[in-house]
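Visitor: I'd like to ask you about the structure that follows.
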């Protein structure tokens with residue numbers, strides 16, 4: 001076993017603190033990665049505080065992982081020692097169901113093995129990227145293209161693929177009007193990808209405080225939904241809406257902003273059920289759909305695209321000793337737009 005250092009929550013009310021644990025020794029198909037950077041996702045906070053239920057403690061969060069390969073198994077062919085590699089939201093899946101065979105492991109019918117807060121096939125707990133190293137089987141490890149800064153690339157493994165996958169799946173591109181609801185970790189990547197795909201992007205957020213950021217990131221317009229006239233002014237304007245907000249809000253208001261045959265894509269996850277009226281959908285043949293991260297193949301496609309286009313997340317890098325303060329700042333939306341932990345500080 002490999003002695004490993006990290007930060008963990010011991011229960012739903014404890015702060016994250018230093019934690020020693022063990023990783024498995026790398027097997028023939030495994031890649032051992034020395035973690036350089038790990039992003040902080042809002043879902044880390046939800047799970048560390050057991051807000052979704054079923055949490056396993058002690059918990060080492062983190063699923064936006066980038067680091068250097070330090071050891072490979074005898075059967076590994078795609079990586080060599082010294083390569084820059086990434087690990088996203090899951091580290092295994094059943095590999096045999098229809099979704100896995102199609103390259104959509106995130107929809108594995110028996111559930112993916114999440115990078116943390118899950119049990120692996122041996123029955124032991126998985127521990128995430130707030131740590132100095134991780135061992136993952138080669139099929140679930142991503143190549144980080146040369147030229148991408150590893151700290152800015154780390155959140156691509158969740159915030160990036162969460163927005164890339166649905167925009168690609170529903171064919172958002174040139175000639176489309178795309179609205180991005182919420183300008184946070186997910187939303188700012190939705191703007192960058194929407195622009196890169198050729199869409200005309202409008203950011204919808206509660207106030208005008210992030211208007212200049214929206215324009216800098218590539219949006220052509222910004223509208224504050226806190227102004228009472230905004231929804232009437234934007235009625236039937238958009239082909240697509242990418243809704244990144246996890247706080248409760250009225251889907252019906254946003255559906256009315258879609259053209260006939262428009263599509264509203266949910267990637268945020270409000271904790272409580274949201275009332276939905278039939279008429280905003282049926283009167284204009286609109287669609288309300290959802291999407292969850294992405295498979296390994298499309299995540300690699302996203303990373304390669306980002307390498308070619310030099311697309312990175314906007315980040316604030318912190319030492320791990322500030323992780324609890326960072327959690328509180330995330331809850332206040334006080335980050336632009338993703339915290340990334342520098343693991344050299346561990």
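Visitor: Rounded to the nearest Å, what's the spacing between the alpha carbon centres of region 10-78 and region 272-326? Just the number, please.
Guide: If you average the Cα positions of each part, the centres end up 21 Å apart.
Visitor: Along each of the three principal axes of the Cα atoms of region 212-346, give the extent in whole Å, ordering the values from largest to smallest.
Guide: Principal extents (Cα only, largest first): 55, 33, 31 Å.
Visitor: Turning to a different aspect of this structure: Angle check, please: helix 296-309 long axis (alpha carbons) against the longest principal axis of the chain (alpha carbons), in degrees 0 to 90, nearest 10.
Guide: Roughly 70 degrees, rounded to the nearest 10.
Visitor: I'd like the orientation of helix 159-169 relative to the chain: the angle between its Cα long axis and the longest Cα principal axis, in ° from 0 to 90, rounded to 10.
Guide: Compared with the principal axis, the helix lies near 60 degrees.
Visitor: Over the Cα atoms of region 95-188, how large are the radius of gyration and the largest Cα-Cα distance (Dmax), in Å?
Guide: 16.1, 49
Visitor: Taking 8 Å as the Cα distance limit and 6 or more residues as the minimum spacing, I'd like the relative contact order of region 24-93 as a percentage.
Guide: 39
Visitor: Please compute, for the alpha-carbon atoms of region 132-183, the extent along each of the three principal axes and give them in descending order in Å.
Guide: Result for region 132-183: principal-axis Cα extents of 42, 23, 22 Å.
Visitor: Please report, in cubic angstrom per residue, the volume enclosed by the convex hull of the alpha-carbon atoms of region 284-346.
Guide: Hull volume over Cα atoms, normalised by residue count, gives 180 Å³.
Visitor: Using only Cα atoms and rounding to the nearest 10 degrees, what angle (0 to 90) does helix 185-196 make with the longest principal axis of the chain?
Guide: Compared with the principal axis, the helix lies near 70 degrees.
Visitor: How large is the convex hull of the C-alpha atoms of the chain per residue, in Å³?
Guide: Per-residue hull volume (Cα only) is 133 Å³.
Visitor: If you don't mind, there's one more thing I want to ask. With a ≥ b ≥ c taken as the square roots of the eigenvalues of the C-alpha gyration tensor of region 30-130, please select rounded if a/c is under 1.5 and otherwise prolate if a/b is larger than b/c or oblate if it is not?
Guide: oblate
Visitor: Considering every Cα-Cα pair within region 162-290, what fraction, in whole percent, is farther apart than 21 Å?
Guide: I get 32 percent for the Cα pairs in region 162-290 exceeding 21 Å.
Bear in mind that the values in this text are calculations on the coordinates, not laboratory data. Keep in mind that what you see is a predicted model, and the values were worked out from it rather than measured.
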